[in-house]
Amino acid sequence: MIITRAAIQDAHSRIAPHIRRTPSWTLPAAFGHDGPVSLKLEFLQHAGSFKTRGAFNTLLSQPATAAGVAAASGGNHGAAVAYAARQLGMKARIFVPEISSPAKIAVIRSHGADVVIGGARYADAQEACDLYVAESGALRVHPFGAESTIIGQGTVGLEWEQDAPALDTVLVAVGGGGLISGIASWWKDRVKVVGVEPEGSRALHAALEAGRPVDVDVDSVAADSLGARNTGDLVYSVCREAVDHVALVQDAAIREAQALLWRGWRIATEPGGAAALAALLSGAYRPKAGERVGVLLCGANVDLASLKDVAG
């Protein structure tokens, strides 16, 4: 399946009345790099993450059902689907694993969705969601492995290019891979797109290394947002053609990025939201001198008590 720029443009026109156009902030030199760094502040999106884009694109491009919508989520996708469903007058039921943070569960509930908590990992929540969809006829909104989701997430790249049109490389955190699939499809053959995954949660890195999607173990501080065990076929097929490579970062580097964003800029991000910056700070990605680098800050649904522990 090829995700086209035209499809992403159409999606942006479709969802623009419902989303925030998040700002881009270009610094002449920052984070130890001598070249310009563009931060796309997607953590300012409705419901706290980029996933609101894919949720709206799915709900606006597929027929609604009387049973409403359903999704499995580590937290952010569920919050996005719940928000989009409420705005469009639909019922939503969200299935989350036990590792989901209380902060993210609270956000989902705040948007009026029914929340079902169960299973140790995301895959368990997805299984429960699939069973509910089969029994109820609800519309399933996949967090990453669906064309409508990927196309919606690709609108991040469209906006970013309009606001920062001369980037050489962009760094994008990867969980299931829907976000990077959309952004890489937008910038294919024009801008280098580099994925960033925790060392303990590397589904895309493993898939590209194996030449096919494979299951991985998940053990990372960012597991509730970057914790997919398998990218699936669609994400893999897009990324093998459009993503330059995947950089791996340690949990300690992610924590350091969170702390720096808070201490230096008063930006509160969850671990997954800071992962792309961690690659630049830690040297997991080393830009060339003067390289124009984009860093996506993609999620803000952090428990403030845990952020206090990280940032001091």
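Can you return the aspartates and glutamates within cross-link range of K188? Criterion is Cα-Cα under 19 Å, with same-chain partners fewer than 8 residues away left out.
Excluding near neighbours in sequence, the set is D10, E147, E159, E161, D163, D168, D233, E241, D244, E291.
Quickly estimate the mean residue ellipticity at 222 nm for the chain, helices only: each DSSP H run with n ≥ 4 gives -39500 (n - 2.57), and the total goes over all residues, rounded to 500.
The helix-only estimate for the chain comes to -13000 deg cm²/dmol at 222 nm.
What share of the DSSP beta bridges in the chain is antiparallel, in percent to the nearest 5?
Of those bridges, close to 20 percent are antiparallel.
If you work out Cα extents along the principal axes in Å from the coordinates, which of (i) 56, 44, 39; (ii) 50, 49, 37; (iii) 59, 43, 43 do you get?
Here Cα extents along the principal axes in Å agrees with entry (i).
With the Cα gyration tensor of the stretch 51-140 giving a ≥ b ≥ c as the square roots of its eigenvalues, does the rule (a/c under 1.5 for rounded; else a/b larger than b/c for prolate; else oblate) give rounded, prolate or oblate?
oblate
Among bridges DSSP assigns within the stretch 1-112, what percent are antiparallel (round to 5)?
Restricted to the stretch 1-112, the bridges split so that about 55 percent are antiparallel.
Just tell me which aspartates and glutamates come within less than 12 Å, Cα to Cα, of K51; anything on the same chain fewer than 8 places away is out.
Filter leaves E42.
Between their Cα atoms, which of K192/K308; K288/K308; K104/K288; K40/K104 are more than 30 Å away from each other?
Correct reply: K192/K308; K288/K308; K104/K288.
Quick one: which of 172-181, 65-74, 113-122, 251-260 comes out on top by average Cβ neighbours within 10 Å, and what's the full order, highest first?
172-181, 65-74, 251-260, 113-122
What does a probe at R240 reach in the stretch 179-217, counting residues whose amide N is under 16 Å from the point 7 Å along Cα→Cβ?
It comes to 181, 203-215, nothing else.
Given a Förster distance of 41 angstrom, what is the FRET efficiency for A259 paired with S110, based on the Cβ-Cβ distance and rounded to 0.05?
The calculated FRET efficiency here is 0.95.
Specify the inter-centroid distance of the stretch 144-175 and the stretch 17-53, based on alpha-carbon positions, in whole Å.
After rounding, the separation between the Cα centres reads 11 Å.
Assigning unit charges at the beta carbon (Lys, Arg +1; Asp, Glu -1) and nothing else, what dipole magnitude in debye, to the nearest 20, does the stretch 1-154 show about its Cα centre?
Roughly 460 debye, rounded to the nearest 20.
With the contact rule set at Cα under 8 Å and sequence spacing of 6 or more, what percent relative contact order holds for the stretch 176-271?
Reported as a whole number, the value is 34 percent.
We did not get these values from a lab; they are worked out from the coordinates using the rules stated. Everything numeric in this text was worked out from a predicted model, so none of it was measured. Note that each Cβ is placed from the backbone with ideal geometry, even for glycine, and that neighbours are counted across all protein chains shown.
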